[in-house]
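Below is one structure, written out as C-alpha cells, with a few remarks after it.
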Amino acid sequence: MKMNRHYTEMAQSYLFSTVNKKVSEFSAAHPEREIIRLGIGDVTLPLAKPVIQALHQAVDEMGTAEGFHGYGPEQGYPFLKDAIRDYYAERGVQVASDEIFISDGAKSDLANILGLFGEDNTVLVPDPVYPTYVDDNISDGRRVIYAQAGEENGFLPMPDESKKADIIYICSPSNPTGAVYTPAQLKEWVDFANANGSVILFDAAYECFVTEPGKARSIFEVEGARTCAIEICSFSKIAGFTGTRCGYTLVPMELEREGMNLNKTWLRRQTTKFNGVPYIVQRAAAAVFTKEGMAEIQHNLDYYRQNARVIAQALEECGVWYCGGKNSPYIWMKCPGGMDSWTFFDWLLENAGVVGTPGAGFGACGEGFFRLTAFGNAEKTKEAAQRMKQAIASL
Ligand code: PLP
C-alpha cells in the first residue's frame, strides 16, 4: 500500500483557527465588548428572489413525470451555458457554449483542472495568494515557485524572465489583495505564457466586483489568451451561491499542448469523473442572468461595494496605505506603525474590537499587511470603520 505522501508536505493551515481562538479568548476575557468581524470571506445577503423562484419552480418540475430530470449533461445544461455565453458577449468577449463547463464551484475546478497536467510541471503562484492554489499543487507533487507581490508593484506581479513556469495562476480581482489587472497588464502575461508554452489558470471568482473602466474582468478580453488560458469562475460571490454551489470553467478550443486539445481532454475528464451539477441548481444559476435576477444581484453587490468604500475611506482619512476595495470586496491595508500582521491583529482587537485577517497567512509577502472584507452588515461595517479610524489616529 502506498499513500500519497505529498499530503504530508502541505503546510498546516492555522490561519482561521488561530483567528477564531484569539477572538474566543478575547470575548471570554471581555464579555462586555462588542466584536465586529471584518475577516469573513463569505457572503451574507440572502439569495435573490428570482433565484429562489427558479429553485422552487425547478423543484416542482422534478416532482412531475414531464419535468423530472435524471442525469444531465456532465458539462452542464445548454440553457445555463448559453446564458453564460451571453453574459460574456454583453461585454464583448466571445466564448462558445461548448467552451463552457458547469461545475459545483471554482474550488473544485481549480483542483480538478490540474489533472490535465503532468506532475513534473513547475507552477507559478502569486505571493500573497488564495492558499488553495499552493495546496492543490503540493498535494499532487508539483514544484511551486512564487511571483512576489508588494506595495511597489501594487500587489500585481508581472512576468519575470527568471521565473518561467508551466502553469501560471492569476487571480484578478485578487483574494486577498483586491488588486485588479488591466487588459494591458494581462497581455504581458498572455505573451509570456504563449512564448513559453505555459498555461494560465485565471481565477475570475470576483469579476463581478469590477466596475472601473479599464480593468479586466476576463482574461479572454486579451488577444492571444485563447491559446494559453483557462478561466475559472463562480456564482459564489456574484450571486451568493457559497452554500448553493455552482461555478464554471472556460476552456477555449484553440488551447493545445503536446498535441492534446485541452477542451477535448477536459470534456473527457468531466464525462468520466463528474456527473454534473443538480438541475435545480443550474436553473437557479440561470436566473442570475435574467433582467430581474441581474437587477437584484447588482443591488446586493452595491451593498458590499458601499461597505468597501466605507472601509477604504476610513483608511484614507488616517493616511494608511491600502489597495483593493474599489473593484473588489477585499481591502488590503498596510499595518500602521510598522506592526507585523499578527501584532496588528491583536492590537486592532484590543483597541477597536475589530477582527480582520493577518496578511502573513496568505504568504510571506503578506507580512505587515492585513485583509478586511466588505461582506458584512452595513451598519456594523460603518461602526467598525469609525472605531478603526479612532484607534489608528491614537497611535
Ligand atoms: N477563488 C477564489 C479567489 C476565492 O476567494 C474563492 C472563495 O473564497 C474561490 C475561488 C472558491 O469559490 P467557490 O465557492 O466557487 O468554490
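The values are calculated or read from the model by the stated rules, or taken from the named source; none is laboratory data. The shown structure was predicted, so the numbers you read here are calculated from the model rather than taken from an experiment. Here Cβ is always computed from backbone atoms with ideal geometry, including for glycine, and neighbour counts include all displayed protein chains. Heavy atoms of the whole protein, side chains included, go into the accessibility calculation; ligands, DNA and RNA do not. Shrake-Rupley method; radii C 1.70, N 1.55, O 1.52, S 1.80 Å.
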Residue within region 242-264 that is farther than 21 Å from residue 179 by Cβ, in contact with a His (Cβ under 7 Å, 6 or more places away or on another chain) and open to solvent by less than 60 Å² (accessible area, probe 1.4 Å) present: no
Number of positions in region 42-59 that are open to solvent by 60 Å² or more (accessible area, probe 1.4 Å), in contact (Cβ under 8 Å) with a residue 40 or more places away in the chain, not in a loop (DSSP other than H, G, I, E, B) and not β-branched (Val, Ile, Thr): 3
Flag if residue 76 is farther than 19 Å from residue 219 by Cα and either away from the ligand (no atom under 16 Å from the Cβ) or basic (Lys, Arg) (or both): no
Region 197-206, residues that are touching a Pro at 6+ places or on another chain (Cβ under 9 Å) and either hydroxyl-bearing (Ser, Thr, Tyr) or over 14 Å from residue 176 (Cα atoms) (or both): 206
Filtered residue count, region 320-353, keeping only those that are in contact (Cβ under 8 Å) with a residue 24 or more places away in the chain and among the β-branched types (Val, Ile, Thr): 2
Residue list for region 223-257, filter: of a type in the set (Asp, Glu), farther than 14 Å from residue 113 by Cα and either assigned to a loop (DSSP other than H, G, I, E, B) or within 12 Å of the ligand (Cβ to nearest atom) (or both): 223, 254
Candidates 111, 83, 96, 89, filtered to the one that is modelled with pLDDT of 95 or more and within 14 Å of the ligand (Cβ to nearest atom): 111
Residues located in region 60-81, provided they are open to solvent by 50 Å² or more (accessible area, probe 1.4 Å) and either part of a helix (DSSP H, G or I) or in contact with a His (Cβ under 8 Å, 6 or more places away or on another chain) (or both): 60, 61, 62, 78, 79
Residue 360 in a helix (DSSP H, G or I) and buried (at least 24 other Cβ atoms within 10 Å of the Cβ): no
Unmet requirement for residue 9, which otherwise passes all of (1) outside the structural domain of residue 98 (by TED's automatic domain parsing); (2) closer than 30 Å to residue 268 by Cβ; (3) open to solvent by less than 90 Å² (accessible area, probe 1.4 Å): (3)
Single residue of 370, 375 found to be touching a strand residue (DSSP E or B) at 6+ places or on another chain (Cβ under 6 Å) and not in a helix (DSSP H, G or I): 370
Those residues of region 114-134 which are within 12 Å of the ligand (Cβ to nearest atom) and of a type outside the set (S, T, N, Q), in sequence order: 125, 126, 128, 129, 130, 131, 133
Total residues in region 26-41, condition open to solvent by less than 70 Å² (accessible area, probe 1.4 Å) and either within 16 Å of the ligand (Cβ to nearest atom) or within 29 Å of residue 309 (Cα to Cα) (or both): 8
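One line per residue, one yes/no per condition, for (1) in a helix (DSSP H, G or I); (2) in contact with a Cys (Cβ under 7 Å, 6 or more places away or on another chain); (3) more than 14 Å from residue 323 (Cβ to Cβ):
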residue	(1), (2), (3)
137	yes, no, yes
145	no, no, yes
162	no, no, yes
174	no, no, no
Residue check for residue 148: more than 15 Å from the ligand (Cβ to nearest atom), open to solvent by 10 Å² or more (accessible area, probe 1.4 Å), within 20 Å of the chain's Cα centre (by Cα) and farther than 22 Å from residue 121 by Cβ: no
